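The values are calculated or read from the model by the stated rules, or taken from the named source; none is laboratory data. The structure displayed is predicted, hence computed values, not measured ones. Using ideal geometry, Cβ is built from the backbone for each residue, glycine included, and neighbour counts are taken over all protein chains shown. Surface accessibility is based on the protein's heavy atoms, side chains included, excluding ligands, DNA and RNA. Shrake-Rupley method; radii C 1.70, N 1.55, O 1.52, S 1.80 Å.
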Amino acid sequence: MEGIVKIKDKEFVPYISEIDIQKRIVEVAAEVNRDYHGKSPLMIVVLNGAFMFAADLVRNLHIEPEIQFIRISTYGNSMSSSKDAQLLLGLEVDVEGRDIILIEDIVETGYTVGYFIDEVQKLAPSSIKLVSLLYKPEKFKGSYPPDYIGFEIPGAFVVGYGLDYAQQGRELRSIYQLKE
Ligand code: IMP
């Protein structure tokens, strides 16, 4: 894993290596394969941050998922969470009676994805599960903790592997933590 990464005014230190991420994704995919054996779930990827995780996760699946993308507004350019999540890019498929798996990069307060789950629930899916690469249980205040979790991490801000700081750092292969 590379050394310290500088993005704008902040420094980030190596936190979860590319190898550890990939190993864990294989394990999470195995859980999804087991639980959805013989099913064709609708996997909804929450852009932008989850694009890299979703790509690696679905390549390890042996079920036949359908894949769609949505966008929910998040932090903008700051590091604080907002309760006013908004659906920016809507769902274009009928979810009634479907098994839904939402794919998130990180769940912190849980407000962002919670908002979306509440909306989707009104459309009468058969089931909804949430898979998140990262989960910050100390900061969680929502109603829907992830059903499948890559890594539980402390509250510190992280970047890389799809996650950004001020729209940068998404291309990094490993995950880095803000240097205090
Ligand atoms: P929540 O609504 O507080 O759960 O925030 C979830 C969203 O905030 C995620 O989808 C990310 O876009 C963003 N986010 C939360 N924590 C971090 C972090 O440590 N680094 C980068 N983005 C984060």
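Legend: translational diffusion of region 114-173 by Stokes-Einstein, Rh = Kirkwood radius over C-alpha pairs, 37 °C, 0.692 mPa s; D = 246 µm²/s. Volume of the convex hull of the chain (Cα atoms only), normalised per residue: 103 Å³. Expressed as a whole percent, the accessible surface of the chain that belongs to carbon and sulfur atoms is 48, based on a 1.4 Å probe. Computed from backbone phi, the HN-Hα couplings of region 33-40 come to 4, 5, 6, 10, 3, x, 10, 10 Hz, rounded to whole numbers (Karplus: 6.51 cos²θ - 1.76 cosθ + 1.60, θ = phi - 60°; Gly and Pro given as x).
Between Glu64 and Asp9, the simple label model (points 7 Å from Cα in the Cβ direction) yields a spacing of 5.3 nm.
Applying 1/(1 + (r/R0)^6) with R0 = 45 Å to the Cβ-Cβ distance of Glu96 and Gln168 gives a FRET efficiency near 0.70.
On a per residue basis, region 87-180 carries 44 Å² of accessible surface, using protein heavy atoms and a 1.4 Å probe. For Gly110, nonlocal amide neighbours, meaning residues 5 or more places apart or on other chains whose placed amide H falls under 5 Å from its own, are Lys141. So if I take the centroid of the Cα atoms in region 1-53 and the same for region 130-147, what is the distance between those two points in Å? Centre-to-centre distance over Cα atoms comes out at 14 Å. Couplings for region 98-106, taken from phi via the Karplus curve 6.51 cos²θ - 1.76 cosθ + 1.60 with θ = phi - 60°, read 8, 8, 9, 10, 8, 10, 10, 7, 8 Hz in order; Gly and Pro are left as x.
The Ile19 and Leu123 beta-carbon pair, evaluated with R₀ = 41 Å, returns a calculated FRET efficiency of approximately 0.55.
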